[in-house]
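This report concerns only the one structure given below.
The values are calculated or read from the model by the stated rules, or taken from the named source; none is laboratory data. This is a predicted model, so every value here is computed, not measured. No Cβ is skipped: glycine too gets one built from the backbone with ideal geometry, and neighbour counts run over all protein chains shown. Note: accessible area is taken over every heavy atom of the protein model, side chains too, but ligands, DNA and RNA are not part of it. Shrake-Rupley method; radii C 1.70, N 1.55, O 1.52, S 1.80 Å.
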Amino acid sequence: MSFDAEAKMQFLFALRSKGVTDSKVLNAMERIDRGAFVQGYFADRAYEDMPLPIACGQTISQPSVVGLMTQALNVGPRDKVLEIGTGSGYQAAILSQLARRVYTVDRHRRLVREARAVFDQMELSNITAFTADGSHGLPDQAPFDRIILTAAAEDPPGPLLAQLKIGGIMVVPVGQSDAVQHLIRVTRTQTGLDYDELRPVRFVPLVEGLGKE
Ligand code: SAH
């Protein structure tokens with residue numbers, strides 16, 4: 001199914017009704033066709049507001065959650081952003097519309113390979129995708145204006161906090177994998193870190209080391 005006018009209208013309506021109200025975020029989500037990131041059996045459900053299975057036993061997040069996290073990250077046009085958990089590449093593609101440069105990493109090389117193919121096809125040339133254990137961040141590219149994790153950590157990982165600029169923002173789901181997780185926003189100030197708890201969420205866990213495929 002293509003991102004036709006009717007599906008697009010319903011998709012954007014669902015986002016707004018769940019609290020995605022920032023016009024820059026909505027515009028980005030209108031431009032990036034989620035259908036390009038969902039292959040196979042679930043392809044015809046790409047415009048529904050639900051998470052869907054992707055390769056390697058992972059999930060593409062629910063669009064309204066992508067919107068709310070992107071909104072919380074408050075990305076500016078000069079920002080260098082790091083995403084941990086490339087998955088399908090959908091969140092990175094949304095960020096690419098708002099930021100100067102997006103680095104995204106996943107522990108599964110297959111997901112990185114497939115996401116890169118979609119970025120190329122959409123000509124999203126400001127995204128760089130790496131296969132790596134993202135809990136160490138990307139020291140060579142640090143520091144970052146914004147960091148987003150799309151896998152749940154028990155605590156915001158120290159190495160990632162260390163790679164955040166002063167004034168920088170991190171959005172991270174925090175909690176045990178099967179228990180309630182909360183979306184947390186961490187802001188690095190001159191003197192330390194400020195924490196905001198945003199909402200309950202459910203994400204796959206951040207796992208150490210590289211995946212088998
Ligand atoms: N942002 C994605 C959804 C991500 S699902 C999208 O828009 O589709 C979470 C992803 O985090 C999975 O692909 C998983 O492989 C990845 N992940 C889990 N632990 C990781 C780690 N330590 N380093 C990098 N990626 C990790």
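Below are the figures for this structure:
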item	result
Residues of the range 164-183 that turn out to be open to solvent by less than 60 Å² (accessible area, probe 1.4 Å), part of a loop (DSSP other than H, G, I, E, B) and either farther than 19 Å from Met69 by Cα or within 14 Å of the ligand (Cβ to nearest atom) (or both), as a count	2
Single residue of Val102, Val75, Val81, Val65 found to be within 14 Å of the ligand (Cβ to nearest atom), open to solvent by 10 Å² or more (accessible area, probe 1.4 Å) and under 18 Å from Asp22 (Cβ atoms)	Val65
Residue in the range 17-27 that is surrounded by fewer than 23 Cβ atoms within 10 Å (Cβ to Cβ) and within 14 Å of the chain's Cα centre (by Cα) present	no
Residue list for the range 85-98, restricted to those being of a type in the set (A, V, I, L, M) and either touching a Cys at 6+ places or on another chain (Cβ under 7 Å) or open to solvent by less than 10 Å² (accessible area, probe 1.4 Å) (or both)	Ala92, Ala93, Ile94, Leu95
Residues of the range 184-213 classified as in a strand (DSSP E or B), out of contact with any helix residue (DSSP H, G or I) (no Cβ under 9 Å at 6 or more places or on another chain), in contact (Cβ under 8 Å) with a residue 24 or more places away in the chain and away from the ligand (no atom under 16 Å from the Cβ), total	1
Among residues of the range 56-89, those that are polar (S, T, N, Q), assigned to a helix (DSSP H, G or I) and in contact with an Asp or Glu (Cβ under 7 Å, 6 or more places away or on another chain), counted	2
Qualifying residue in the range 91-112 (condition: out of contact with any strand residue (DSSP E or B) (no Cβ under 9 Å at 6 or more places or on another chain) and aromatic (Phe, Trp, Tyr))	no
Only listed residue being small (Gly, Ala, Ser), closer than 27 Å to Tyr195 by Cα and away from the ligand (no atom under 13 Å from the Cβ), chosen from Ala117, Ala153, Ala142	Ala142
Search result, residues across the range 118-149 that are more than 17 Å from Lys80 (Cα to Cα), in a helix (DSSP H, G or I) and open to solvent by less than 60 Å² (accessible area, probe 1.4 Å)	Val118, Phe119, Ser135
Filter result for Leu161 (hydrophobic (A, V, I, L, M, F, W, C), surrounded by fewer than 23 Cβ atoms within 10 Å (Cβ to Cβ), assigned to a loop (DSSP other than H, G, I, E, B) and modelled with pLDDT of 95 or more)	no
Matching residues in the range 26-50 - criterion: being farther than 21 Å from Glu123 by Cβ, hydrophobic (A, V, I, L, M, F, W, C) and part of a helix (DSSP H, G or I)	Leu26, Phe42, Ala43
